[in-house]
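These notes concern the structure reproduced below.
The values are calculated or read from the model by the stated rules, or taken from the named source; none is laboratory data. Everything quoted here is computed from the prediction, not taken from an experiment. Positions of Cβ are backbone-derived with ideal geometry, glycine not excepted, and every protein chain shown enters the neighbour counts.
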Amino acid sequence: MAKRLFIALELPESCREALVNLAAPIRGVRWLAADQLHLTIAFLGDVSGEEDEWLREKLAEVRVPPFILPVEGVGAFGGSYPSVIWAGVGTGHPHLFGLHKRVHDALFAAHLDPKLRSFHPHVTLARLKDVSASTLSPFLKKHESDEFALVEINSFALISSKPGPEGSAYTVEARYDLKARRHSAA
């Protein structure tokens with residue numbers, strides 16, 4: 001049976017709560033719950049059981065030193081009618097981009113086809129429908145320089161996703177510890 005999988009960095013509860021507290025009553029904006037906040041490294045889509053085994057084996061080989069990630073500022077993707085509000089994670093972080101590269105190398109080694117696109121690391125905060133950029137502008141300006149957390153990144157996670165009416169429900173399938181160079185089932 002296939003699972004819908006992605007690889008992400010988990011955020012501590014204090015960071016997720018700070019981000020959830022940004023929620024403002026803006027018509028057409030659906031804010032994500034704290035348990036839905038993470039930073040996606042790679043989205044895989046449906047992965048079969050056999051592919052899942054290969055994937056776990058290859059992810060266990062990923063080697064990147066632990067690092068500190070700033071979670072700061074907000075922005076939006078989508079031009080004049082944005083589709084997403086996000087929190088940023090600084091710019092040009094070498095260890096984050098190194099992790100992204102090594103995870104993708106592992107995916108290719110596992111014969112999986114990640115959905116390749118430019119990597120713009122962020123934490124999705126809300127999804128938008130029919131909200132103009134001008135409506136969103138005051139919120140973005142107010143929070144564009146906010147500093148939410150410095151997050152110590154010691155691991156990454158393989159997560160399954162089940163879509164639902166209130167957004168997707170996530171289950172951590174495995175965590176890969178950057179310090180000990182091993183993984184554990186969640």
Any hit, region 58-68, residues being under 18 Å from the mean Cα position of the chain (by Cα), among the aliphatic types (A, V, I, L, M) and within 22 Å of R16 (Cβ to Cβ): yes
Matching residues in region 11-21 - criterion: being touching a helix residue (DSSP H, G or I) at 6+ places or on another chain (Cβ under 9 Å) and either at pLDDT below 95 or not in a loop (DSSP other than H, G, I, E, B) (or both): E13, R16, E17, L19, V20
Residue in region 171-186 that is in contact with a Ser or Thr (Cβ under 6 Å, 6 or more places away or on another chain), loosely packed, with under 15 Cβ neighbours inside 10 Å, aliphatic (A, V, I, L, M) and not in a loop (DSSP other than H, G, I, E, B) present: no
Residues of region 22-61 satisfying the condition of being over 28 Å from F148 (Cα atoms) and assigned to a loop (DSSP other than H, G, I, E, B): S48, A60, E61
Inter-residue pairs, beta-carbon under 7 Å, first not hydrophobic (A, V, I, L, M, F, W, C) and in region 148-160, second not in a strand (DSSP E or B), 6+ apart: E152/P66; N154/P66; N154/L178; N154/K179; S155/L178
